[in-house]
1. Which one of the conditions (1) surrounded by fewer than 18 Cβ atoms within 10 Å (Cβ to Cβ); (2) modelled with pLDDT under 95; (3) among the small types (G, A, S) does G296 fail to meet, given that it meets all the rest?
2. Report yes if R263 is open to solvent by 30 Å² or more (accessible area, probe 1.4 Å), in contact with a Lys or Arg (Cβ under 8 Å, 6 or more places away or on another chain) and of a type in the set (K, R), otherwise no.
3. Residues K304, K333: which one is part of a strand (DSSP E or B), on the phi < 0 side of the Ramachandran plot and in contact with a strand residue (DSSP E or B) (Cβ under 9 Å, 6 or more places away or on another chain)?
4. So for segment 156-165 (the condition being surrounded by 14 or more Cβ atoms within 10 Å (Cβ to Cβ), within 29 Å of F430 (Cβ to Cβ) and at pLDDT 95 or above), does at least one residue qualify?
5. Find all pairs meeting these conditions: Cβ atoms under 8 angstrom apart; at least six residues apart or on different chains; first residue within segment 165-183 and among the hydroxyl-bearing types (S, T, Y); second residue in a strand (DSSP E or B) and open to solvent by 10 Å² or more (accessible area, probe 1.4 Å).
6. Is segment 313-326 home to any residue that is in contact with a Ser or Thr (Cβ under 6 Å, 6 or more places away or on another chain), part of a loop (DSSP other than H, G, I, E, B) and either at pLDDT 95 or above or open to solvent by 30 Å² or more (accessible area, probe 1.4 Å) (or both)?
7. Cβ-Cβ below 8 Å, separation at least six or inter-chain, first residue in segment 221-237 and without any contact (Cβ under 8 Å) to a residue 40 or more places away in the chain, second open to solvent by 70 Å² or more (accessible area, probe 1.4 Å) and of a type in the set (K, R): which pairs?
Amino acid sequence: MNCASVLSRSRLLFTKPAVASVRGTASRAFFSSSAATQQDKAWNKNAKFASMAAATLGISSAAAVALCDAQSSQEHEQKDPKTTGSSYVYATSPEEFLKQSPQSLTAEEERLERAALKAKKHGGGLKLFSGNGNLALSLEIAKTLGINLGKATVGQFADGEVNVQIHENVRGKDVYVIQPTCPPVNNNLMELLLMVSTLNRASARRITVVIPYYGYARQDRKMQARVPISAADTARLMEAMGIDRVIAVDLHCGQIQGFFGPRVPVDNLDGGIVGIDHFGSKDLHNPVIVSPDAGGVYRAKKFKEGLAHRYEMSDIGLAMIIKQRARAGTVDKMDLVGDVKDCDCILVDDMIDTAGTICKAAAVLKEKGARRVFAFASHGLLSGPGNDRIAKSEMEECVILNTIPTSPQREANEKLVVLSVAPLLAQTIFNIHAKKSISALFK
């Protein structure tokens with residue numbers, strides 16, 4: 001049995017007598033007074049790769065060196081000492097070992113080496129799972145991170161009950177569950193809750209839910225008597241299931257972060273940074289950022305500042321539309337605050353539902369003398385007649401993110417442009433897992 005085989009069976013070898021012998025061998029290899037004699041031992045190619053693989057798989061460097069030292073000693077006794085002229089190599093990681101050793105691996109060993117280094121890179125316990133809410137986005141995030149989606153069954157039984165089963169070991173792992181609670185809202189929400197519950201019962205170390213679109217976000221306060229605050233109730237449900245962190249994209253209102261307790265931090269990512277790069281490449285004439293309602297002025301202001309900072313546009317204006325609703329989903333009257341004559345206007349909002357507000361705002365801007373009208377929103381729900389309204393609107397282009405799954409009808413709409421938020425979410429997941437700053441992504 002060569003050294004690589006010994007290491008591949010390391011769990012079987014590490015009985016109490018074996019551990020004692022390994023420790024004694026490691027001590028002699030590093031601290032014996034006969035270090036010069038030890039340095040005369042030669043390492044063959046199998047021993048070199050086995051040391052790297054052992055360190056990758058989590059075996060301590062001292063143990064790896066000791067095991068390969070024992071194997072090399074046996075082979076050295078069978079060979080002529082004069083034919084072995086290489087020196088003993090000390091290495092504390094696979095990378096250092098490869099730097100100090102001659103590169104003479106076979107093609108198969110090089111393939112195994114790449115696989116081992118990839119396993120070490122992603123061997124810190126990161127697992128990525130997805131429900132049925134937006135599988136295309138989840139696959140894109142996994143591809144950006146360079147890992148595979150976890151194997152899981154998320155479906156329904158014959159009576160409509162949600163069926164969840166995880167097919168991978170997640171004990172002690174950091175798990176990220178990607179699931180927007182977009183339509184069908186209740187099905188996607190129940191899938192998310194049961195996935196979190198399943199992972200907790202499977203002893204996952206930490207569970208972070210990635211919610212590109214947060215359903216029930218617009219029910220964030222009591223506007224009349226005897227109504228629920230559904231955004232808060234949804235947060236309580238997820239917290240009761242045992243989530244440890246939330247990553248969201250452009251929450252409808254910032255106070256939703258406070259609906260989760262202090263034990264569950266919430267990262268509210270600004271999806272506008274994706275739109276800034278898109279509009280920055282356009283030849284805009286006298287650009288003006290317009291908020292379609294009073295509540296979105298802060299969002300429009302941040303978009304304006306980001307565009308000015310990144311593309312050095314100092315002449316960007318800011319305007320606002322004050323709307324009066326007759327009832328939910330229906331706008332009665334709109335008034336413009338600001339000057340948009342002979343300007344390229346960009347309407348900035350967090351979501352487009354039936355597109356009634358955004359299309360009527362575009363018509364108002366055109367009536368006030370706007371040169372061109374664009375729109376940007378992080379979430380394109382496009383419920384009911386939303387897609388048709390955008391196609392027939394005064395807008396030159398309507399830009400949304402892929403936080404919600406697309407459809408053939410949307411793809412056929414020439415005015416609709418879909419940008420990917422996967423790189424932003426993937427980088428956020430990586431930074432959290434590596435304990436790096438997230439705010440640095442938006443500077």
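1. Unmet condition: (1).
2. When the stated conditions are applied, R263 does not pass them.
3. Among K304, K333, only K333 is part of a strand (DSSP E or B), on the phi < 0 side of the Ramachandran plot and in contact with a strand residue (DSSP E or B) (Cβ under 9 Å, 6 or more places away or on another chain).
4. Yes, segment 156-165 has at least one match.
5. Y176/L126; Y176/K127
6. No: zero hits.
7. As it stands, the answer is I229/R221; I229/K222; A231/R218, since those pairs meet every condition given.
Residue-by-condition table, conditions (1) surrounded by fewer than 22 Cβ atoms within 10 Å (Cβ to Cβ); (2) modelled with pLDDT of 95 or more; (3) aliphatic (A, V, I, L, M); (4) farther than 21 Å from Q219 by Cβ:
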residue	(1), (2), (3), (4)
V246	no, yes, yes, no
I256	yes, yes, yes, no
L269	no, yes, yes, yes
H285	yes, no, no, yes
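The values are calculated or read from the model by the stated rules, or taken from the named source; none is laboratory data. None of the values given here were measured: they were computed from a predicted structure. Because the Cβ atoms are built from the backbone with ideal geometry, glycine has one as well, and the counts that use them run over all protein chains shown. The accessibility values were calculated without ligands, DNA or RNA, using every heavy atom of the protein model including side chains. Shrake-Rupley method; radii C 1.70, N 1.55, O 1.52, S 1.80 Å.
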